[in-house]
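The values are calculated or read from the model by the stated rules, or taken from the named source; none is laboratory data. This is a predicted model, so every value here is computed, not measured. When we count neighbours, we look across all protein chains shown, and the Cβ atoms used for this are built from the backbone with ideal geometry, even at glycine.
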């Protein structure tokens, strides 16, 4: 059972109180509408199209930065090309008069051989930035070009031959030139924003980019390496706020998944994550990413009282209303406290910011599934899988929906796909396999899957929400009601993931049990603010 989070880099900004108020009004309007009808960001019913309003021209201020090619002899230097790309997206995204496609939007065009102009048409942008990075010794050669997406006409281009320690300067130069080529003369505040450096230490920045590169693996080894890189960055520059926020994220991933980090207890891992987030906010209270990290850590620290986390998300979104990941995570908090209409409104706002987000579409499907609106859930999931055909949790959830509808063959196909893509998430795989086998009447296989699932539980006296829910689903499907309730009763902490998932149809066979009703009541997080 995934917790429904998904992370990408946030960009910094500085909106006024009026813009923050506008955000609240937008959410209120969306909430009242979406309580009645699900829809895609462009107003059409799901499944959502990859683009909207195909007959209209892209906005003249729209631009995408495709991932730069790594031309270095050493393939390990790919982190430089990726880091330069993502930092350019972040810098350009700070300018209100530019409509910049997010990292999540351009990631699907990273494959070699992709036609840049075809990518531009799919992204529906007016300008496109492409480039390459080559390192030889301590020298960098960065080549970049801005083209008009409609016909490939060259608008601006440059080659930079610099020391690798000058990467931050190169980033600022490119961002300024691209912004000026699109928008014309820049205001002093815009030039300052584009030229700002997150750190004065080139070495610290290099560690930071390396950490960003390996954290994307989402494996224990990759995230542990990222922690080492971020800690090295902070050691070199203790005022490097973005590195502190990223360090918090990395420890948070270990805590979220229950992975073992250097023999630390889960509470010690969480303490490190929270400390890094608190330090980031303390030294730069105007940094949206720092507040976003603190919000997530507060949701872990106080899973039964989410007010402090929701306040921190509000702060992150006030600082940067275009922070789609913060909006998604804020919506998840509303989902966890049972505010379905508010969560739906927030997810739609997220999709308005970043339409191509499978995790957000899948979370909309989860709410539809919890409300027993199965056809609607399938449409959201079909949309998510159109964007990412290999998205594990969309396949797993679609299998559950098919089972609820009695379509065993379709469920079987999705379970097989889940197994192929879920090697690193055995809890999800074994749970859905056990559920399918039980529904098909093969209790022997179902019980074998449940036994495999049990071997993945590190502490059977205090299973995590994901472990407990996975076992609970398998045991309820097998008819082992008392054992299922006993396992769920031992889940610690009792958080919003547990509370929401207990609403799902898999637990209908035990819903009338007084013991189950008490568990639902005890698991529901409290929140007095929205």
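Could you look through region 103-115, keep only residues that are over 14 Å from residue 92 (Cβ atoms) and touching a helix residue (DSSP H, G or I) at 6+ places or on another chain (Cβ under 8 Å), and pick out the one that is surrounded by the most Cβ atoms within 10 Å (Cβ to Cβ)? Among those residues, the one meeting the criterion is 104.
Among helices (runs of 4 or more DSSP H) entirely within region 297-364, having at least 2 residues that are without any contact (Cβ under 8 Å) to a residue 24 or more places away in the chain, surrounded by 24 or more Cβ atoms within 10 Å (Cβ to Cβ) and touching a helix residue (DSSP H, G or I) at 6+ places or on another chain (Cβ under 9 Å) singles out 307-319. Please determine whether any residue of region 512-524 is part of a loop (DSSP other than H, G, I, E, B), under 20 Å from residue 335 (Cβ atoms), modelled with pLDDT of 95 or more and out of contact with any strand residue (DSSP E or B) (no Cβ under 7 Å at 6 or more places or on another chain). No, every residue in region 512-524 fails to be part of a loop (DSSP other than H, G, I, E, B), under 20 Å from residue 335 (Cβ atoms), modelled with pLDDT of 95 or more and out of contact with any strand residue (DSSP E or B) (no Cβ under 7 Å at 6 or more places or on another chain). What is the residue count in region 365-391 for residues that are closer than 21 Å to residue 470 by Cα and in contact (Cβ under 8 Å) with a residue 60 or more places away in the chain? Counting residues in region 365-391 that are closer than 21 Å to residue 470 by Cα and in contact (Cβ under 8 Å) with a residue 60 or more places away in the chain gives 5. Evaluate region 95-102: report whether one residue or more is in a helix (DSSP H, G or I), in contact with a strand residue (DSSP E or B) (Cβ under 7 Å, 6 or more places away or on another chain) and in contact (Cβ under 8 Å) with a residue 60 or more places away in the chain. No - not one qualifying residue is present in region 95-102.
For residue 375, indicate whether it is part of a helix (DSSP H, G or I), in contact with a helix residue (DSSP H, G or I) (Cβ under 8 Å, 6 or more places away or on another chain) and either modelled with pLDDT of 95 or more or surrounded by fewer than 18 Cβ atoms within 10 Å (Cβ to Cβ) (or both). Here the answer is no, as residue 375 does not meet what is asked.
If you take the residues of region 143-184 that are in contact with a strand residue (DSSP E or B) (Cβ under 8 Å, 6 or more places away or on another chain) and assigned to a loop (DSSP other than H, G, I, E, B), which of them is surrounded by the most Cβ atoms within 10 Å (Cβ to Cβ)?
The qualifying residue surrounded by the most Cβ atoms within 10 Å (Cβ to Cβ) is 149.
Of all residues in region 269-296, exactly one satisfies the criterion of being part of a helix (DSSP H, G or I), over 22 Å from residue 224 (Cβ atoms) and out of contact with any helix residue (DSSP H, G or I) (no Cβ under 7 Å at 6 or more places or on another chain), namely 282. The residue list 225, 235 contains one member that is modelled with pLDDT of 95 or more, exposed (fewer than 15 other Cβ atoms within 10 Å of the Cβ) and either assigned to a loop (DSSP other than H, G, I, E, B) or touching a helix residue (DSSP H, G or I) at 6+ places or on another chain (Cβ under 9 Å) (or both), which is 235.
Do we find that residue 417 is surrounded by 22 or more Cβ atoms within 10 Å (Cβ to Cβ) and at pLDDT 95 or above in this structure?
Values: surrounded by 22 or more Cβ atoms within 10 Å (Cβ to Cβ): no; at pLDDT 95 or above: yes.
No, not satisfied.
Taken over region 497-511, the criterion of being assigned to a loop (DSSP other than H, G, I, E, B), more than 20 Å from residue 457 (Cα to Cα) and without any contact (Cβ under 8 Å) to a residue 40 or more places away in the chain is satisfied by 511 alone.
Within region 253-282, the set of residues being under 24 Å from residue 205 (Cα atoms) and at pLDDT below 95 comprises 253, 254.
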